[in-house]
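**Q** Sharing a structure here in structure tokens format.
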Amino acid sequence: MTTDQPSILVIRHEACSSLGLLKTVAKESSTPIRYLDTAGGETLLEPVSDYSHIVVLGGTVSAYESDLYPFLQYEFKLLEAAIAQNIPVLGICLGSQILAQLLGAKVYRGEAGREAGWCEIHLLEAAKADPLLKDFPPQFRVFQSHQDTFDIPPECERLAQSPRYPNQAFRYQDRVWAIQFHLEIDENALTDCSGLIAQELIDSQVKDTTIEQMLAEARHHSPAVKPLADSLMTHFLSL
């Protein structure tokens, strides 16, 4: 860590999103959380080294659209500086795609269509020794809502796959993790962003699920996701 007192910088692309289930461990340890709304034009006035950990949340834009969304260019520079200073970084969904592109991989629209709802994730052999995922079961269900995907960057370890998309998580060295799926999402977090996700389903012409079905399934699956979120965040903050 670069600071004596742990503190988390959360890069947020949508006003409705948050750390959700991932904030429990941080709150229990009284770890300060700072949200940076880059899509709203916010930038850091202080050095990135003022933060011990960084989490990059999801969003509706694409990592390869930096010409359309200049805030992505700012994020690339900010994260490049953080990685150079060995600050632990966790990217979720769009955040994972941003890290993949930053580390030299291709990010693109997936041919298998939108992966939406509570989907099965299978961990690979490498995940058994991974600092963040080592206590996870071999497979589990977690929320997803994405249509872009990524190749695994050079010098990175692929950690997880799903039946629809083979690249669901990777680690770069021992400080950077990218996960396509949403361990932070429970019924409350999903409700907060229900309007945005419902529009994504319409835009992607998804007809096999609805936001109402997702919310009903959240009540069933969230209790099993919470200990996974707690485990990942406990290990992440210990770095």
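**Q** In the range 1-51, what residues are modelled with pLDDT of 95 or more, over 29 Å from GLU187 (Cβ atoms), assigned to a loop (DSSP other than H, G, I, E, B) and acidic (Asp, Glu)?
**A** Matches in the range 1-51: GLU46 only.
**Q** Does any residue of the range 211-220 turn out to be surrounded by fewer than 17 Cβ atoms within 10 Å (Cβ to Cβ) and within 28 Å of LEU124 (Cα to Cα)?
**A** Looking for residues that are surrounded by fewer than 17 Cβ atoms within 10 Å (Cβ to Cβ) and within 28 Å of LEU124 (Cα to Cα), one finds at least one in the range 211-220, hence yes.
**Q** While we're on this one: Residue under question is TYR165, and the condition is that it be under 20 Å from LEU123 (Cβ atoms), out of contact with any Ser or Thr (no Cβ under 8 Å at 6 or more places or on another chain) and of a type in the set (Ser, Thr, Tyr); does it hold?
**A** no
**Q** Surrounded by fewer than 17 Cβ atoms within 10 Å (Cβ to Cβ), on the phi < 0 side of the Ramachandran plot and modelled with pLDDT of 95 or more: is that true of ASP148 in this structure?
**A** Taking the combined requirement at face value, the residue does not satisfy it.
**Q** Still on this structure: Could you say whether any residue in the range 145-154 is free of Cβ contacts under 8 Å to residues at least 40 places away in the same chain and not charged (D, E, K, R)?
**A** No, there is no match, as no residue in the range 145-154 is free of Cβ contacts under 8 Å to residues at least 40 places away in the same chain and not charged (D, E, K, R).
**Q** Specify the residue that is surrounded by the fewest Cβ atoms within 10 Å (Cβ to Cβ); the eligible residues are those in the range 35-62 that are in contact with a Lys or Arg (Cβ under 9 Å, 6 or more places away or on another chain) and among the hydroxyl-bearing types (Ser, Thr, Tyr).
**A** TYR35
The values are calculated or read from the model by the stated rules, or taken from the named source; none is laboratory data. Computed from a prediction, not measured in an experiment: that's the story for all the values here. Cβ coordinates were reconstructed from backbone atoms using ideal geometry, including for glycine residues, and neighbour counts include every protein chain displayed.
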